Amino acid sequence: MSTASKIDMERLDKNAKASQDGEGYMVLARGNGYRIGIVALVGRGSKISHTVEVLVRALDSDHEVDTTRMEQILKITRELTERDYSLSTENDGWIYAQRSIDPALVETELQFLMALVDTPGQTL
């Protein structure tokens with residue numbers, strides 16, 4: 001697992017403003033079976049909105065279904081749903097979750113998410 005030592009929201013916002021599509025992205029943490037990031041999107045009047053995204057690998061290709069892993073994924077997706085994340089699936093066995101967030105709450109949310117996906121004994 002690797003995490004950003006400090007979340008530089010100013011740099012993220014600056015990158016979004018400078019980008020052609022008005023979007024900036026920063027990986028906050030990643031492990032073998034997950035990635036956590038934040039998106040900054042420039043809207044009307046140069047107002048920037050922020051979204052936290054979580055990707056969790058539900059299935060590995062060419063492997064048998066691991067019921068223990070599926071139970072862990074179910075727990076994670078339930079917790080994310082309770083925190084108002086919207087969930088969808090990706091073509092390659094990943095679950096994608098996202099929700100809007102106030103920049104002041106990003107550090108706290110990252111701590112919660114890391115505890116959720118980095119549980120001892122978990123194989124994510």
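The values are calculated or read from the model by the stated rules, or taken from the named source; none is laboratory data. On a predicted model such as this, the values are computed, not experimentally measured, just so you know. Positions of Cβ are generated from backbone atoms using ideal geometry, with glycine treated the same way; all protein chains shown enter the neighbour counts.
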Restricting the range 72-93 to residues that are crowded, with 17+ Cβ neighbours inside 10 Å and among the hydrophobic types (A, V, I, L, M, F, W, C), which is modelled with the highest pLDDT? L80
Looking at (1) in a strand (DSSP E or B); (2) in contact with a helix residue (DSSP H, G or I) (Cβ under 6 Å, 6 or more places away or on another chain), which is the one condition that is false for E79? (1)
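Please pick out the residue among R30, R11 that is out of contact with any helix residue (DSSP H, G or I) (no Cβ under 9 Å at 6 or more places or on another chain), in a strand (DSSP E or B), free of Cβ contacts under 8 Å to residues at least 40 places away in the same chain and of a type in the set (D, E, K, R).
Values: R11 fails: in a strand (DSSP E or B).
That would be R30, the only listed residue that is out of contact with any helix residue (DSSP H, G or I) (no Cβ under 9 Å at 6 or more places or on another chain), in a strand (DSSP E or B), free of Cβ contacts under 8 Å to residues at least 40 places away in the same chain and of a type in the set (D, E, K, R).
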Being touching a Gly at 6+ places or on another chain (Cβ under 7 Å) and β-branched (V, I, T): is that true of V106 here? no
Test: residue in the range 55-62 that is at pLDDT 90 or above and either at negative phi or within 16 Å of the chain's Cα centre (by Cα) (or both): yes
Would you confirm whether any residue within the range 53-61 is within 20 Å of L116 (Cβ to Cβ), buried (at least 16 other Cβ atoms within 10 Å of the Cβ), touching a helix residue (DSSP H, G or I) at 6+ places or on another chain (Cβ under 9 Å) and basic (K, R)? yes
Among (1) in a strand (DSSP E or B); (2) under 14 Å from the mean Cα position of the chain (by Cα); (3) over 15 Å from A115 (Cα atoms), D84 falls short only on (1)
Can you confirm whether E53 is touching a residue at least 12 places away in the same chain (Cβ under 8 Å) and either within 18 Å of E10 (Cβ to Cβ) or in a loop (DSSP other than H, G, I, E, B) (or both)? no
Go through (1) more than 21 Å from V27 (Cβ to Cβ); (2) without any contact (Cβ under 8 Å) to a residue 24 or more places away in the chain and name the single condition I73 misses. (1)
